[in-house]
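Notes follow once the structure below has been shown.
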Amino acid sequence: MSDPENYSQQMKSKGGMSRVFKALSYTWDGLKAAAQHEEAFKQELYIIVPLSIAAWFVPVPIIERALLFSVLQLILIVELINSAIEANTDHISLERHPLAKRAKDMGSAAVFLAIVIAIACWTCVLWQHFQKAA
């Protein structure tokens, strides 16, 4: 690895349809890794998968259904990013360090805020729906 730029070019995808299929393969690998190794991701899946399905049957306008579904997916997206930060931090060093703690805590805070957003959206949509129905 004497020439970092040459190495970088070798690692880059060349494009085309093979790139799309490789990207899908990497995506699937990432989802499997999260489901196998990340307890928080597994716990969130137990709640988010049924709610994601239920979101499409709530009798509200389609844009609100999309919102209900999307905010749940946002939680998973942020959890995946948080897990990536944690894995990378642990890869660098398992030694306790204030910057590693800060990175992990910030990732955790991001997940929490995504959950707050989802709860707020679901509460507002359902409140409005059931208030009209009453």
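Only the coordinates and a few stated rules stand behind these numbers; no lab work does. Because the structure is a prediction, the values reported are computed rather than measured. Every residue, glycine among them, receives a Cβ derived from its backbone with ideal geometry; neighbour counts consider all protein chains shown.
For the chain, modelled as a GNM with alpha-carbon contacts under 10 angstrom, which of Ile47, Ile85, Ile117 fluctuates the most?
Checking each option, the largest mean-square fluctuation is seen for Ile47.
Tell me, Kirkwood radius of the chain from alpha-carbon pair distances, in Å?
Here the Kirkwood hydrodynamic radius works out to 17.7 Å.
Could you give each residue of the stretch 44-51 its phi-based ³J(HN,Hα) in whole Hz, using Karplus coefficients 6.51, -1.76, 1.60 with θ = phi - 60°, and x for Gly or Pro?
These are the phi-based 3J(HN,Hα) values: 5, 4, 4, 8, 6, 4, x, 5 Hz.
Using only Cα atoms, tell me the angle between helix 16-37 and the longest principal axis of the chain; keep it within 0 to 90° and round to the nearest 10.
Here the helix axis deviates by roughly 70 degrees.
Under a crude label model (7 Å from the Cα following the beta-carbon direction), how far is His91 from Asp105 in nanometres?
Going by the 7 Å Cα→Cβ label model, 2.5 nm.
With 32 Å as the limit, write out which pairs from Lys42/Lys101; Lys14/Lys42; Lys22/Lys104; Lys42/Lys132; Lys32/Lys132 have Cα-Cα distances beyond it, or answer none.
Lys14/Lys42; Lys42/Lys132; Lys32/Lys132
Fully extended, how many nm does the chain gain between His129 and Lys42 (0.36 nm per residue separation, minus their Cα-Cα distance)?
Separation in residues times 0.36 nm, less the Cα-Cα distance, equals 28.3 nm.
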